[in-house]
Each structure stands twice: as structure tokens, then as C-alpha cells.
Amino acid sequence: MKGESSVLTIPASQQEVGSITQEQAAPGKPKPERKRTGRLSEDKRFKIFAGSANRKLAEDICTHVGVSLGESKLQRFADGEIYFQLLENVRGVDVFIVQPTCYPVDQHLVELLIMIDALKRASAGRITVVVPYYGYARQDRKDRPRVAISSKLVADLLTTAGANRALFMDLHAAQIQGFFNIPVDHMFASPVMVSYFRELNLPDLTVVSPDAGGVERARFFATKMQAPLAIVDKRRTDLNVTEVMNVIGDVQGRTCLIIDDIIDTAGTLVKTAAALLEAGAVKVYAAASHPVLSGPAIERISNSKLQEVIVTDSIPLREDAQKLERLGKIKVLSVAGLLGATIESIHMETSVSSLFS
């Protein structure tokens with residue numbers, strides 16, 4: 001093909017483990033839930049594909065579920081135009097596409113749209129987009145005159161392209177689910193985070209929300225950790241620029257854990273940590289689902305007095321962030337098991353909410 005500059009071929013393993021069965025419902029009685037007796041590798045009506053945004057996470061999900069990653073071919077022309085082709089039959093198949101819309105956001109978003117279109121034209125039975133990190137989620141309302149509600153636009157694009165269902169993790173605002181006219185499953189990384197911090201067993205712990213908008217998220221975490229809650233009141237002066245005002249709650253002599261969904265430039269995070277230490281906190285940890293880490297984020301975290309920053313693998317760490325990971329300043333927790341269990345529940349038509357019980 002003329003003009004192609006790179007080729008990414010996604011291989012598939014031939015190993016198969018276990019099986020699933022379908023119980024038959026008696027006439028006049030409700031259809032029972034599908035029972036899983038083993039891995040899903042023998043289910044020919046179930047496949048997982050991945051784009052280029054975070055293939056490692058997709059492979060880990062497949063390992064958890066027990067299937068091989070679907071075969072596809074992704075190419076780019078010399079000008080960056082995307083070409084995508086499925087290399088196996090998906091007619092009537094329940095397909096899941098793993099593709100966070102992380103940096104470069106627009107490129108990965110268009111890639112996802114093209115993958116959806118290819119699957120739709122190949123007669124896939126159902127297409128579920130698994131987007132661990134939803135780009136444009138911060139533009140969910142008109143907070144200034146004459147601005148776009150970009151998260152709604154992206155929702156319309158995904159639906160128009162042909163997605164039948166969506167799976168997200170830790171949306172910036174829960175109401176984004178209402179932008180979709182298709183079923184949406186909204187998962188949280190909190191079970192993975194809570195398990196980690198319970199093992200750390202931090203003394204005199206106080207959970208902190210870095211702003212008023214994140215109080216619900218921090219309150220849930222505080223309840224699970226059986227810890228008090230504090231809030232940092234901040235005022236945003238410009239895009240990616242915040243000014244910390246004051247700490248609401250008692251943090252004197254305590255270990256503080258800042259809970260957020262996204263770490264972008266880390267300006268809010270570092271200023272929040274400084275305000276907590278100034279208010280008498282002994283140590284400050286931070287946890288966030290999505291390590292965007294743009295611009296000066298790595299330098300700010302490196303120079304801060306944060307003990308540790310805990311993130312998930314919803315999006316891959318950049319190279320400079322990986323250096324901090326090796327130094328122990330950043331810790332990455334995997335959500336592959338959580339997303340894999342959710343994908344299984346969606347495919348088997350069992351309760352997703354039970355994963356949080």
C-alpha cells in the first residue's frame with residue numbers, strides 16, 4: 001500500500017483453556033444467567049481487540065479472561081492517516097475494544113472510531129468499547145461563555161460510529177453517562193486502591209479531596225478505609241492553574257491521602273500536598289486512577305514532598321514517569337483483573353455491580 005510508514009500487527013495465541021455452557025430455561029420460566037464453567041477461550045462468540053493506545057493492558061485483560069487478543073492490522077500512511085483491518089471473522093460475535101483515549105488523544109480517538117466502523121461493517125453482533133480513560137471528560141459542561149461540551153460530542157461520535165455499549169473507569173464526572181443513548185457501565189479503581197492502602201496500614205490516616213468536585217469520590221474511599229475526610233478548597237485561575245485557599249478538616253499530626261481521578265500537570269496535587277503539610281500533616285500520599293502526567297508534572301512530583309503517588313495502568317506511563325516508578329516515587333497498580341471481570345460479566349449477562357460488593 002503506497003505511503004504506509006509503519007505496521008502494527010496484533011497476534012493471537014492458539015492456546016485454549018476450559019469452556020462455557022448455556023443452561024436452558026424451562027417454558028414459561030425466566031431465562032437463567034449463563035454459567036461459566038471455565039475460561040472463555042472456547043467461546044467463539046466472544047473476542048477482544050485492542051488499538052495502539054495501551055496494548056499491554058489489553059493483553060493483561062486477555063490473560064485474566066483466558067482468551068487470546070484478536071488479530072488485526074493497524075497501519076498509518078505517511079501523512080498519519082489510519083488504516084485498520086480485522087484479520088479474523090467477527091460475524092455475530094460479542095466484541096470488546098480496549099482503547100483508552102490518552103495522549104495523543106485525538107489520534108487514539110479517531111483510531112477507536114475507525115475500529116468500531118470496521119467491526120460494524122464486518123457484522124459484529126455487539127460492539128462494546130472499553131475506554132479505561134475517557135478523553136475530553138473534563139469538558140462536560142459550559143463553565144464559560146461560548147465553549148463546547150466536548151465530552152458530549154465524543155459520546156455522540158462513539159455512538160454514531162456503531163458502539164452498542166460502553167465501559168468506562170473513573171469518569172471525571174459521573175453524569176457523563178447520561179450523554180450516551182447506549183448502555184454504559186461505569187467502574188471504579190477504588191477496590192484495587194483500597195486493597196493496596198489496607199496493606200500499607202498507614203497510621204492516623206485522613207483521606208483528602210483536592211477540591212469540592214471530588215468529595216463524593218474521596219468520601220467513598222474514606223468510608224472503605226474507615227478514615228476521616230478532609231477537603232482542600234481551591235480556586236482555579238486559568239486552565240491547568242489553581243490556587244489553593246485553605247484546608248477544611250483536621251489534618252494536624254496525621255497521614256494524609258489525596259484521592260483524585262486524574263493527575264495532569266500535577267499543579268493541583270503538589271499545591272494540595274504543600275497546603276496539607278503547612279496545616280500540620282506528617283506525611284502526604286496521593287492516589288489517582290489516570291496518570292496523564294503532562295508538561296511539568298514529573299518535575300513537580302519529583303521535587304515535591306509527596307511520599308508516594310499511586311496510579312493505575314488505565315493509560316501507560318510515559319518514559320520520564322517510568323524513571324520515577326523505578327525510584328519508588330510512583331507506584332502503578334493494575335486494573336486488568338477488574339476490567340477483565342467486568343467484561344466477563346457483560347458477556348455472560350451477569351451482575352456487574354456485584355463486583356463491588
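The values are calculated or read from the model by the stated rules, or taken from the named source; none is laboratory data. Since we're looking at a predicted model, the values are computed, not measured. Every residue, glycine among them, receives a Cβ derived from its backbone with ideal geometry; neighbour counts consider all protein chains shown. Remember, those area values only see protein heavy atoms, side chains included, never the ligands or the DNA or RNA. Shrake-Rupley method; radii C 1.70, N 1.55, O 1.52, S 1.80 Å.
Considering (1) out of contact with any helix residue (DSSP H, G or I) (no Cβ under 8 Å at 6 or more places or on another chain); (2) in a loop (DSSP other than H, G, I, E, B); (3) among the small types (Gly, Ala, Ser), say which one Gly80 fails and leave the rest.
(1)
Going by the structure shown, is Ala53 of a type in the set (Gly, Ala, Ser), farther than 17 Å from Ile346 by Cβ and buried (at least 23 other Cβ atoms within 10 Å of the Cβ)? Explain how you work it out, then say what you get.
On the way: of a type in the set (Gly, Ala, Ser): yes; farther than 17 Å from Ile346 by Cβ: yes; buried (at least 23 other Cβ atoms within 10 Å of the Cβ): yes.
It is true that Ala53 is of a type in the set (Gly, Ala, Ser), farther than 17 Å from Ile346 by Cβ and buried (at least 23 other Cβ atoms within 10 Å of the Cβ).
So, in the range 95-110, how many residues would count as being assigned to a loop (DSSP other than H, G, I, E, B) and either buried (at least 17 other Cβ atoms within 10 Å of the Cβ) or under 15 Å from the mean Cα position of the chain (by Cα) (or both)?
Here is the first cut: in the range 95-110, the ones assigned to a loop (DSSP other than H, G, I, E, B) are 99-104.
When the remaining residues are screened for being either buried (at least 17 other Cβ atoms within 10 Å of the Cβ) or under 15 Å from the mean Cα position of the chain (by Cα) (or both), the result is 99-103.
Residues flagged as assigned to a loop (DSSP other than H, G, I, E, B) and either buried (at least 17 other Cβ atoms within 10 Å of the Cβ) or under 15 Å from the mean Cα position of the chain (by Cα) (or both) within the range 95-110 amount to 5.
Filtering the range 338-357 down to residues that are open to solvent by less than 30 Å² (accessible area, probe 1.4 Å) and of a type in the set (Gly, Ala, Ser), which residue is nearest to the chain's Cα centre (by Cα)? Please lay out each step first, then the result.
As a first pass, look at the range 338-357 and keep what is open to solvent by less than 30 Å² (accessible area, probe 1.4 Å): 338-348, 352.
In the following step, the residues that additionally are of a type in the set (Gly, Ala, Ser) were identified as 340-341, 345.
Numbers: Gly340: 12, Ala341: 14, Ser345: 17 Å.
Looking at residues that are open to solvent by less than 30 Å² (accessible area, probe 1.4 Å) and of a type in the set (Gly, Ala, Ser), I get Gly340.
Name the pairs: first residue in the range 75-98 and of a type in the set (Gly, Ala, Ser), second residue open to solvent by less than 70 Å² (accessible area, probe 1.4 Å) and modelled with pLDDT of 95 or more, Cβ to Cβ under 6 Å, at least 6 apart or on different chains?
The qualifying pairs are Gly92/Gly125.
Are there any strands (runs of 3 or more DSSP E) wholly within the range 204-313 with 3 or more residues that are open to solvent by 20 Å² or more (accessible area, probe 1.4 Å) and either under 26 Å from Asp140 (Cα atoms) or touching a residue at least 24 places away in the same chain (Cβ under 8 Å) (or both), and if so which?
Fully inside the range 204-313 and qualifying: 229-238, 241-248.
Looking at the range 327-344, I want the residues that are touching a residue at least 60 places away in the same chain (Cβ under 8 Å) and have a partner that is among the acidic types (Asp, Glu) and part of a strand (DSSP E or B) with Cβ atoms under 9 Å, at least 6 apart or on another chain. Which pairs are those?
Partner pairs satisfying both residue conditions: Thr342/Asp185.
Step by step: first the residues of the range 328-338, then only those that are touching an Asp or Glu at 6+ places or on another chain (Cβ under 9 Å) and aliphatic (A, V, I, L, M), then the one that is nearest to Asn303 (Cα to Cα). Which residue is that? Before the answer, list the steps.
Kept after step one, since they are touching an Asp or Glu at 6+ places or on another chain (Cβ under 9 Å), are these residues of the range 328-338: 328-337.
Checking the rest, the ones that are also aliphatic (A, V, I, L, M) come to 330, 332-333, 335-336.
Values: Ile330: 13, Val332: 19, Leu333: 23, Val335: 28, Ala336: 31 Å.
Among those residues, the one meeting the criterion is Ile330.
When you go through (1) within 30 Å of Arg126 (Cβ to Cβ); (2) touching a strand residue (DSSP E or B) at 6+ places or on another chain (Cβ under 7 Å); (3) in a helix (DSSP H, G or I) one by one for Pro191, which number turns out not to apply?
All conditions pass for Pro191, except number (2).
Inside the range 111-136, can you point out the residues that are surrounded by 23 or more Cβ atoms within 10 Å (Cβ to Cβ), touching a residue at least 60 places away in the same chain (Cβ under 8 Å) and either hydrophobic (A, V, I, L, M, F, W, C) or within 18 Å of Ile82 (Cβ to Cβ) (or both)?
Selection gives Leu112, Met115, Leu119, Val130.
Just to be sure, is Arg91 at pLDDT 95 or above, over 22 Å from Phe168 (Cα atoms) and not polar (S, T, N, Q)?
On the way: at pLDDT 95 or above: yes; over 22 Å from Phe168 (Cα atoms): yes; not polar (S, T, N, Q): yes.
Considered against the rule, which asks whether it is at pLDDT 95 or above, over 22 Å from Phe168 (Cα atoms) and not polar (S, T, N, Q), Arg91 comes out as yes.
Would you call Val90 closer than 26 Å to Ser289 by Cβ and among the β-branched types (Val, Ile, Thr)? Steps first, answer last, please.
Working: closer than 26 Å to Ser289 by Cβ: no; among the β-branched types (Val, Ile, Thr): yes.
So Val90 does not fit the description; no.
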